[in-house]
Structure formats: C-alpha cells, structure tokens
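> A single structure is presented below for examination.
Please treat every number below as a calculation from the coordinates, not as lab data. It should be emphasised that the depicted structure is a prediction, and the values quoted were computed from it without experimental measurement. Cβ atoms come from the backbone with ideal geometry, glycine included; neighbour counts cover every protein chain shown.
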Amino acid sequence: MSYIGIIITFVFINNFILTQFLGLCPFIGVSRKTDSAVGMGFAVIFVMSMASLATWAVYRLILVPLNIEYLQTISFILIIAALVQLVEMVILKISPPLYKALGIYLPLITTNCAVLGIALIAVRSEYNAMESFVAGIAAGFGFLLAIVVMSAIRERLDKEWVPKPFRGVPIAFITAGLMALAFMAFDKALLKNLLG
Amino acid sequence: MVLVRISYAVASVAGLGILLGLGLAFAARLLAVRKDERAEALEQALPGANCGACGFAGCAAYAAEIVGGEVALDLCTVGGPDVAKQVAMIMGIEYKSTSAEKRVPQVHCRGGVSTSEYAFEYSGVEDCTALYALFGGNKVCKSGCLGLGSCIRVCPVDAICYDSDGLVWVNKEICISCGLCVKICPTGVMQWLPYDADYLVACSSKDKGARVRKYCKVGCIACKICEKKSPEGGFKVEDNLSRIDYAAAGDRQEGVTACPTKCIVGNDVHTRQ
C-alpha cells in the first residue's frame, strides 16, 4: 500500500478516535481548551510514531527470530510505557505549563489503547519499518485532527446555553457521536477513487 | 526444547525491561528538573487534606501557586491562621491577619418528623438535591433541612452526623471548615458561624410568624422576645427571622430561655452527640 494510502486511511477512514473509538479518555479529558489539545495531539503523534517504529524493530528483530510472537502485547506495552515516561520527562523539562495542562492524561497515554492499537495494527498489516512509522504519524495526526476540532467546538459550547444535565462531559460525548457520524462519510471508496 | 523456548521468552522480556529501565534512569538524570525547595516545604506545612477549599486542585497545587506568587497566603481554611503563619514564614513574608477567623458551618433548622408538617411523602433517591428538585422538598417549610444527609456524605472528615434527635448536626471540633457541605446543601440551611459562637437561631424560615407556627413547632416566629429579654445579646429580628450578631458580647442566656418555640440552641458538641 502506498504511503499516501496509509496516511489517508489512518487520518480519515480509520480515524482512531472517531471510527475505531480508541483513546477516548484523553480525547474527552484534554479537549476543553485548544492550547492543551494541540499539546496533547503532538505528544500523541510523537509517542505513536516512536512506538510503532520501536515495536516494529522489537517484533521483527527479537520476537519473530526467536519464534515468540505471542509475547507481542506485553513487550509492546513495556516499550510504550518507557516511551511515555521519556516524553513526560522531556515535556516537563521543555514546557512546564504544557506539562501542567496535560495533567494526569500524559501518564495515561501509557495505557492508551490507541498507541497499543497502532502497534498491533502495524504488525498485523505486515508493514515494513517505514510504513509502520508513517502509519504511526498518520494515526497521531488523526488524533490531533479529532481533538483540535473537538476542543474548538467545546470552547464555543462553553459560551452557549446548554441544558444543565448536558453541561460538560455529556454534551462532549454527544458532540463526539455526531463527529463520528460525519466521519462515516470517509470509507474505502475514497481510496479507490483517489488512488485508482 | 521447551526449556530453551521458555528461556528465550524470559530473557527477551527481561532484557527489554532492563534496557528500557537503564535508558529511563539515564534520561531522568539528563533531564532532571530542580523542584523549588520552598514548594516542598509548603507541601509539608499544608494540612494535606486535599479538600480543594482554597480553590486549587489540592495542597500540592496550592503550594505551587504560592511559590509562583500572586495568590493569598491564607486561603487554607483547614489550617487557619496557624498554617498561614507557617506559610508566610517559609515564603519570608511577615504574616498579617486578614479574615482568618475560624468559622464552622451549622444546620440552621431543628425541624424533624415529630415537629414539622410535611406536604407529601418522598420515596426517591436518598439525596437532598434530588428531593429539592421536587417542589423544593417534602416539608411545608421550604427553607428547612431536608434531612437526607447529602452534607453527611460529602464531608471529608465525617464531622456531620445525625444526632440523638435524628437531625443533622455538625461537630465543630472535627470540622475543618472546608465548606463542601455549605456548597452542596440545596436549601441553604447550612450556614457559617464563628467557631466561638455560643448559640444559634436554628431556623431559616422568613415566613410570617403565624404561618411558621402552622407548619413547625420549633421555628422562629419573629416574636422579638429574644431582642427584649437580652438587649445586649446582639439579637436582631429581620425579615421575620431572628439572627445573632456575634460581635455583641452581652449576655444571651435570658433571650434563649425566653424563646417560646425554643429555636435558639447552643452550638455545643457534647450535648448533641
């Protein structure tokens, strides 16, 4: 599959949040303000791309030669957790305000199913190293797209009158549902029409 | 053969773990951020209740804000003036008392099943807010205590309980003045008192005396006897409801005993357990 095909697939057709419903926790938790949503989006892009590359290397160079592919989940989690710790340290060093804005959701990327999801999907699709890396970046961009659009909507919603029982998270989930409906417009036919 | 394969699995995961662990340890040293010593000292000085009454996410967040400057030093209601003094000392600022008098909340209502009239029977969720959503509660009096104990459940230190009369009562010795019960009470019957308050008028109804008499045996009927019997006691009847000005140091005993509905009660811990 061409790189453009992979990018379109993971940003639009199989958008991790709005089509596959993975990684909803930071999506709802950090989408209150656009600034922190952008920060979270880039943190996820970094973690996803690095994780898909590292998990590819571990899978191809350690697990397959030793014939122990069944250990993929536990070793992938190990790598992802270490990577997230590293990202946390880097963000704390470079930008304490962003670190504070992301709060608890940054360590939560550790157990984010979206990151494990991209690693497992890349392995199952038998991507090579470069394709895995691109798929990771594309999936991260899909996350960024979804969370930024969501935060822009939620910032506007804060200024609107919303019935009391729906204020805050409930209306966010309803919004996410409507956005997911809109993303259903992207399907496999798009790939065929664009790339032939 | 099996042993070899098991050892492969163990060795690869263990090796991966050790490698990543060492990498992280190295990165932690390389990317170490020095934490402000004052913030750590402040976290030690603050009570650590993490109740959020200061307006920040917890004691650590408040400590970080103090170090960052531009927040008041005496926002911690739990610690009161003592903690504010320590905080000021750590920050190297002289402590000036502002409004740091310790306050405790108390239920300003003594109307229960035996003393008050009820408009309807409620059998819904055991929660004051849920009951309040139905016509402002099942009592005829719309300003009284609903008695379902939302404040009891929200209290972080279990200072609120049902007393021997089955009514809600705050134990001021345990209370940390976080104000969560005042916020959650839908009728606003939970109100602040100075910690040293000797008596309180346990009624919140601003209805006319004749109407209060109809639905509650222990409500304030605004007869002004307390004002007359203890002129120095700080009693003041406004909007058909007596309130005590605690700045007045005069004797209140006369007014309390003369109260015809006995709705002025002592804010005493020991008699209410």
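> What does the helix-only formula give at 222 nm for chain A: each DSSP H stretch with n ≥ 4 adding -39500 (n - 2.57), the total divided by the residues, and the result rounded to the nearest 500 deg cm²/dmol? Can you show the working numbers first?
On the way: 10 runs with 137 residues, N = 196.
Estimated from H runs of four or more residues: -22500 deg cm²/dmol.
> For Cα pairs less than 8 Å apart in space and 6+ apart in sequence, what is the mean separation divided by the residue count of segment B:177-273, i.e. the relative contact order in percent? Could you put the intermediate results ahead of the total?
Working: 145 pairs, mean separation 26.8, N = 97.
After rounding, I find 28 percent.
> Ignore the peptide's own chain and count Cβ atoms of other chains within 10 Å of each Cβ in A:50-63; give me the average, rounded.
Details: counts 0, 0, 0, 0, 1, 0, 0, 0, 2, 0, 0, 0, 6, 4.
Per-residue shielding by partner chains comes out at 1.
> Mind checking the angle between helix B:59-68 and chain B's longest principal axis? C-alpha axes, 0 to 90 degrees, to the nearest 10.
80
> Suppose R0 equals 41 Å; then what is the FRET efficiency for A:Y70 and B:A61 from their Cβ-Cβ distance, rounded to the nearest 0.05? Walk me through the numbers on the way to the answer.
Working: r = 44 Å, r/R0 = 1.07.
It comes to 0.40.
> Now for a different question. Give the Cα extents of segment A:1-117 along the principal axes, in whole Å, largest first.
Cα extents, longest axis first: 45, 32, 21 Å.
> Let me ask something else about it. Using only Cα atoms and rounding to the nearest 10 degrees, what angle (0 to 90) does helix B:80-91 make with the longest principal axis of chain B?
Between helix and principal axis, roughly 30 degrees.
> Oh, and also: How many angstrom lie between the C-alpha centres of segment B:96-163 and segment A:68-140?
49
> Counting alpha carbon pairs within less than 8 Å and at least 6 residues apart, what relative contact order, in whole percent, applies to chain B?
Numbers: 438 pairs, mean separation 40.2, N = 273.
In percent, rounded to a whole number, it is 15.
> Can you give the Rg to Rh ratio for the protein assembly as shown, taking only C-alpha atoms and Rh from Kirkwood?
On the way: Rg = 31.1 Å, Rh = 27.5 Å.
Across the protein assembly as shown, the Cα-based Rg/Rh ratio is 1.13.
> How many nm separate the modelled label positions at B:R38 and B:D251, each set 7 Å beyond the Cα in the direction of the Cβ?
Each label point lies 7 Å from its Cα, and together they span 5.2 nm.
> Tell me the volume per residue, in Å³, of the convex hull enclosing the alpha carbons of segment B:33-180. Please list the in-between numbers first.
Working: hull volume 20.4 nm³, N = 148.
Dividing the Cα hull volume of segment B:33-180 by its residues yields 138 Å³.
> Can you work out the Karplus-derived ³J(HN,Hα) for every residue in segment B:263-268? Use 6.51 cos²θ - 1.76 cosθ + 1.60 with θ = phi - 60°, whole Hz, and x for glycine or proline.
9, 9, 10, x, 8, 10
> Could I ask something else about it? Where does the Debye-calculated log10 I(q)/I(0) of segment B:108-215 sit at q = 0.23 Å⁻¹, using only Cα point scatterers of equal weight, no solvent?
Taken in order of the listed q values, log10 I(q)/I(0) reads -1.43.
> Which entries of B:K183/B:K206; B:K229/B:K262; B:K139/B:K217; B:K183/B:K208; A:K164/B:K206 have Cα-Cα distances beyond 24 Å here?
From B:K183/B:K206; B:K229/B:K262; B:K139/B:K217; B:K183/B:K208; A:K164/B:K206, over 24 Å: B:K183/B:K208; A:K164/B:K206.
> Provide the packing ranking of B:14-24, B:61-71, i.e. peptides ordered by the mean count of other C-beta atoms within 10 Å per residue, highest first. Please list the in-between numbers first.
Values: B:14-24: 13.3, B:61-71: 16.5.
The densest-packed peptide leads the list: B:61-71, B:14-24.
> Hey, another quick one. Over segment B:1-120, how many percent of alpha carbon pairs lie in each 10 Å bin up to the one with the longest distance?
That works out to 11, 25, 14, 14, 14, 11, 7, 3, 0, in percent per bin.
> What FRET efficiency comes out for A:K93 versus B:E70 if R0 is 25 angstrom and r is the Cβ-Cβ distance? Round to the nearest 0.05. Can you show the working numbers first?
Values: r = 24 Å, r/R0 = 0.98.
Between A:K93 and B:E70 the formula returns 0.55.
> If I build a Gaussian network model for chain A, linking alpha-carbon pairs within less than 10 angstrom, which residue out of A:V47, A:V38, A:V169 has the largest mean-square fluctuation?
Evaluated over chain A, the most mobile residue of the options is A:V169.
> Give me the percent relative contact order of chain A, please, defined on Cα pairs under 8 angstrom at least 6 residues apart. Don't skip to the end; give the middle numbers.
Details: 232 pairs, mean separation 82.9, N = 196.
Relative contact order comes out at 42 percent.
> So what is the orientation-averaged projected area of segment A:95-196, using the convex hull of its C-alpha atoms, in nm²? Intermediate values should be presented prior to the final figure.
Values: hull surface 38.4 nm².
Convex hull of Cα atoms, orientation-averaged projection: 9.6 nm².
> Take every residue in peptide B:8-17, count the Cβ atoms of other chains within 10 Å of its Cβ, and give the average of those counts. Mind dumping the intermediate values first?
Details: counts 7, 8, 2, 2, 8, 7, 0, 1, 8, 4.
The per-residue average across the peptide is 5.
> If one takes the longest principal axis of the Cα atoms in chain A, at what angle in degrees, from 0 to 90 and to the nearest 10, does the Cα axis of helix A:169-183 lie?
That works out to roughly 60 degrees.
> Pick out which of B:S230, B:S242, B:S164 has the largest mean-square fluctuation in a Gaussian network model of chain B, springs linking Cα atoms closer than 10 Å.
B:S164
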